Structure formats: structure tokens, C-alpha cells
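Below: the structure, in C-alpha cells.
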Amino acid sequence: MSTSTTTSPLLSRHGAVEGDGRDAGVAWHYGDPVREQRLLAEGLAAVDLSHRGVVTVTGPDRLSWLHSMTTQHLLGLGPRESRESLVLSPKGHVEHALHLVDDGETTWITVEPGTAPALVAWLESMRFMLRVEVSDVTAEWAVLGEPLGSESAAGEGVAWVDPWPGLVGDTVAYGPVEGHPASGRTWRELVVPRGSLEEALGDRPLAGTWASEALRVAAWRPRLGFETDHRTIPHEVDWLRTAVHLHKGCYRGQETIARVHNLGRPPRRLVFLHLDGSGHVLPDAGAPVLVSGGGEREVGRVTTVARHHEDGPVALAVIKRSVPEDVDLLVGTVAAAQTVVVSG
């Protein structure tokens, strides 16, 4: 996956430390990541996500066209109503995650940093004779992450409201429905003119991606390119609950969705890990997950590591579905207690 080349003007803020990898171009933190995380959890701060890609689709066929190619039901989507949808490969592997909201004239889609050009190229190849126009508008529009669950107000721009962890449409959960740790969570992405980031922020404090990623991990929320690789199918990371409609028309990869749901179980599952924080160094993303005890064997990989302001060091990992739920795990040399996210 490509990384972003867009540098945010908010990096000029006092104390800003730039992120790296896929989150380069925006602040990792502004000097006090624990305080920033608390403010974000309390609904008082916002996060600069202006490195995310922004794509627009216009034309009278836009929703029916996107409906026919992606995993979610998009027909009849009302103005400022949000959906999450996926683009799959022919074999059902996740290629793009679309945060999608329509304002009545334009469908706005935000995507992972650096992925907008590839998405636009694929969409252009699928236009045929339909009345749609696709544009990468990342250079003109930017994203702010906010701990709000409401649609945008008049004059505020459009906002994608995250449905996680609710079940959207005709679908199924591979993790808990009642008692999910993200129950009650609110989050949205506000799309604003890139030159108006400061104005849209107002007098609210900023939190960095250190804070937002820690809260995402605590919510068991998968992220493209972090919890996914070239083999990931949506079932493995519990993405059916928000992004896949099980009884809509054909789309690329639908056969895998139906087969795994109806006849089998996903080969891997997502787990939440409490890491032993007694050491000073935490494992990196990609570190092997091992079954503890005699004959240690690798059963998966860590996908995201974070420091939560209440729970301490935590992580998400993708492991083999056959691993027992009560077994002790190691991440490298760090002990990890697993909480099963996806029981499969």
C-alpha cells in the first residue's frame, strides 16, 4: 500500500511530532499523547486525518453503480446517510475500504492514505457507458476525525459517521453483538476544504494518531493495511457487521463471502491482546504471535500495537482460527493475554 505524500498544515502546531509509515504527513502527537487520548475519549478533541484520500463520484448513476461493484447495499441511500463498503478481489480478498456518504448530488468517499489513485483507476476502468464521473480530490479536500455520532449540520460540509460496531443491513457478526467493547462509541470523518482545516477545528484541542489508534484498537476496529494483508477476507476481521450485505446483487468477490459464511469458517480470526507492560519496549506491528509453553510455534502476527490511557499496552493480532481461546500467547518475548474478537 502506498503512503501519503500530503503534509498537513497542522504539523506547524507547537509540539507536533509527525507520524511515520502510512500515517506520515499528520501528527503522531502534539507533545502529550496520554492527555490527548483522554481528551479524545471524552469527546473534546479532534484528530487531523488530512492524509486520508478523498474521492468523489457524481452523476445520476453513481449509487447504483457503486452498489453493483462493492459489498454494501447503497440503493436508496439518503442525503448525508453514511455507509461503509469494501472493494474485493475476484477471490474475495479486501482491496479497498470505502467510507462513503452521499449529499444528494455527490458521493464522497474517504480512503486510506495513498490508496485514492488506485481506487480511482479501478473505478474508471469500470465506468463503461454509465453516467458517472470519478475524481481524486485529495489535494482540495481534507478529513478531520471527531468523536461525534451525528450527521453534519448545514454549512458544515459532509461527514461520514462510523457505524462500528453496529450491524448494518442484512449481515452477521463474527464477534459479540451484546457487550461489544465499542458499544456506544461515536466517531465520524468531517470532509472540509483543505484550506479550511484551522477554521473547521475551531478552538478544540488536537489529538494525534497515537491517541486515535489506541482508541481504535480498544474498539477492536479493523483498518485496511493494518489488520489486513493480501489474503484477508472480511470474515476474518469481523468486517461483515458494518460493510457487507449478505443478500444483494452480484459483485466481485461475492462467491467467497457466501461460501465462507454458508459452508465454512474463516481460516484466521482477529484477537485483542493485553500486552505485558513491565518492559520498556513493545513489539512492532508484524511481530510473530507464538503459543506459549513447550514447543512454541508461530500462530499469527500482530497488526497494530498501541498504549491505551487506561488499559496500558494493547494490540490487535490476526491468528489461526484453530488456536484455543484459553491458551497463553507470546508476542516475540512479551507475554500477551488474548481476548477473542472473532470467534469464527
Percent of Cα-Cα distances greater than 15 Å, calculated over segment 267-340 = 45 percent
request  = May I ask which residue of 281, 293, 260 lies farthest towards the positive end of the charge dipole of segment 255-314, with charges of +1 (Lys, Arg) and -1 (Asp, Glu) on Cβ and the Cα centre as origin?
outcome  = 260
request  = Collect residues whose amide H, placed 1.01 Å from N in the peptide plane, falls under 5 Å from the amide H of residue 96; neighbours closer than 5 in sequence don't count.
outcome  = 87
ask   = Quick one: length gained pulling residue 34 to residue 231 fully straight, 0.36 nm per residue minus the C-alpha distance?
value = 67.5 nm
key: Within-14-Å neighbourhood charge of residue 66 [Cβ basis; K, R +1; D, E -1]   = 0
query = Do any GluC sites (Glu not before Pro) in segment 5-64 lie in a DSSP loop with no more than 14 other beta carbon atoms within 10 Å, and if so, which?
reply = 42
task = Rounded to the nearest 500, what is the 222 nm mean residue ellipticity of the chain from helices alone, with -39500 (n - 2.57) per DSSP H run of 4+ residues and division by all residues?
result = -4500 deg cm²/dmol
Mean shadow area of the chain, taken as a quarter of the surface of its Cα convex hull (nm²) = 16.9 nm²
key: Packing rank of 179-191, 239-251, 144-156, where each peptide gets the mean count of other beta carbons within 10 Å, highest leading   = 239-251, 179-191, 144-156
Estimated dipole of segment 9-259 in Debye, rounded to 20 [Cβ of Lys and Arg +1, of Asp and Glu -1, Cα centre] = 580 debye
query = Percent antiparallel among DSSP beta bridges with both residues in the chain, to the nearest 5?
reply = 95 percent
task = List, largest first, the extents of the alpha carbons of segment 146-254 along their principal axes, each in whole Å.
result = 43, 30, 30
query = Per Stokes-Einstein, at 37 °C and 0.692 mPa s, what whole-number D in µm² s⁻¹ belongs to segment 43-185, with the Kirkwood radius over Cα pairs as the hydrodynamic radius?
reply = 203 µm²/s
query = Got a sec? How would 226, 128 order by Cβ neighbour count within 10 Å, fewest to most?
reply = 128, 226
message = Skipping prolines and chain starts, which residues have an amide H placed within reach, meaning under 5 Å, of the one on residue 329, given they are 5 or more residues away or on another chain?
response = 292, 336, 338
query = How large is ³J(HN,Hα), in whole Hz, for each residue of segment 70-86 in order, when computed from phi with the Karplus curve 6.51 cos²θ - 1.76 cosθ + 1.60 and θ = phi - 60°, using x for Gly and Pro?
reply = 10, 7, 9, 7, 10, 5, x, 5, x, x, 6, 8, 9, 9, 10, 9, 10
key: Least to most buried among 126, 69 (fewest other Cβ within 10 Å first)   = 126, 69
remark   = Reduced to Cα centres, the span from segment 133-184 to segment 30-96 in Å works out to 6 Å
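Taking other Cβ within 10 Å of each residue's Cβ, how do 12, 82, 50 sort, fewest first?
Listing 12, 82, 50 from fewest to most nearby Cβ atoms yields 12, 82, 50.
Where a number appears in this text, it was derived from the coordinates with a stated rule and is not lab data. Everything numeric here is computed off the predicted structure, so don't read it as measured data. Cβ coordinates were reconstructed from backbone atoms using ideal geometry, including for glycine residues, and neighbour counts include every protein chain displayed.
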